[in-house]
Amino acid sequence: MNIKEDWQKVKAVLEAGQASTIYCSVATISPDGLPNITPLGTVFLRDDQTGYFFDHYAKALGENIDQNPNICVMAVRAGFVYWVKSLFLGRFTSPPGVRLYGQASAIREATAQEISLIEKRVAPTKFLKGSRMLWSGFTHVRDIKFSSYRPVTYPVMMEGLW
Ligand SMILES: Cc1cc2nc3c(=O)[nH]c(=O)nc-3n(C[C@H](O)[C@H](O)[C@H](O)COP(=O)(O)O)c2cc1C
């Protein structure tokens, strides 16, 4: 599993999973060594095995990262059409999920380009009151450098996918 060689595929699987459930699960480790999982819907991946997310509401996530930058980001597809089609065919039409391992940075101000990308992501729901309440005013991000990945697998229906 070479993250650099496989990046475009890994990126596509994570993005499809995040789009289908509206979040990624992000695991961090507390100073006491306890695991914590935080849902994040604002993970963006670049083309060079890095990415970032908006740290806006999260609490333990940032506190843990500031003590221990190691994180694992997982996204799994949950779309009805994807699953019904895969179950009908007896094979997944594309990989169901992936886990990315890396290190997250200290919090920093988002760039204008990063803010425009999150605004574009939430734009389709902006006419809804709750969307404006939840998904406005993002200002800060944390960068992530990914060093490895592991596919999410089942023992069957996966032929040729990884
Ligand atoms: C679907 C979903 C997506 C979320 N996305 C984000 C996000 O991108 N950034 C953020 O700061 N909080 C986000 N939140 C809020 C945090 O996940 C939430 O405040 C969580 O309880 C913080 O957990 P923590 O204490 O482990 O950091 C999201 C929540 C949900 C339900």
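With G97, G51, G41, G62 as the choices, which residue is more than 28 Å from M157 (Cβ to Cβ) and under 14 Å from the mean Cα position of the chain (by Cα)?
Numbers: G97 fails: more than 28 Å from M157 (Cβ to Cβ); G41 fails: more than 28 Å from M157 (Cβ to Cβ); G62 fails: under 14 Å from the mean Cα position of the chain (by Cα).
Exactly one residue qualifies, and that residue is G51.
Quick one: is R121 assigned to a strand (DSSP E or B) and among the basic types (K, R)?
no
Can you tell me how many residues in the range 29-88 are within 15 Å of the ligand (Cβ to nearest atom), among the aromatic types (F, W, Y) and in contact (Cβ under 8 Å) with a residue 12 or more places away in the chain?
Residues meeting the conditions: 4.
Take the range 107-141 and flag every residue that is of a type outside the set (D, E), in contact (Cβ under 8 Å) with a residue 40 or more places away in the chain and under 23 Å from Q8 (Cβ atoms).
L117, I118, R121, V141
If you check P96 against the conditions, is it more than 10 Å from the ligand (Cβ to nearest atom) and touching a helix residue (DSSP H, G or I) at 6+ places or on another chain (Cβ under 9 Å)?
The answer is yes for P96.
Across the range 134-162, which residue is surrounded by the fewest Cβ atoms within 10 Å (Cβ to Cβ) among those that are closer than 22 Å to F88 by Cβ and of a type in the set (A, V, I, L, M, F, W, C)?
V156
So, in the range 25-42, how many residues would count as being crowded, with 17+ Cβ neighbours inside 10 Å and over 12 Å from A58 (Cβ atoms)?
The number of residues fulfilling the criteria is 3.
Which of the residues that make up the range 65-77 are farther than 19 Å from V122 by Cα and within 14 Å of the chain's Cα centre (by Cα)?
I71, C72, V73, M74, V76, R77
For R77, are the conditions met, namely being surrounded by 15 or more Cβ atoms within 10 Å (Cβ to Cβ) and either of a type in the set (F, W, Y) or in contact with a Ser or Thr (Cβ under 6 Å, 6 or more places away or on another chain) (or both)?
Judged against the criteria, R77 is a match.
Output the number of the condition that K145 fails; it satisfies all remaining conditions of (1) assigned to a loop (DSSP other than H, G, I, E, B); (2) out of contact with any Asp or Glu (no Cβ under 7 Å at 6 or more places or on another chain); (3) more than 16 Å from the ligand (Cβ to nearest atom).
If we test K145 against (1) assigned to a loop (DSSP other than H, G, I, E, B); (2) out of contact with any Asp or Glu (no Cβ under 7 Å at 6 or more places or on another chain); (3) more than 16 Å from the ligand (Cβ to nearest atom), just (1) comes out false.
Here, each number is a calculation from the coordinates, and none is a lab measurement. Here the structure is a predicted model, which is why all the values come from computation and not from measurement. Positions of Cβ are generated from backbone atoms using ideal geometry, with glycine treated the same way; all protein chains shown enter the neighbour counts.
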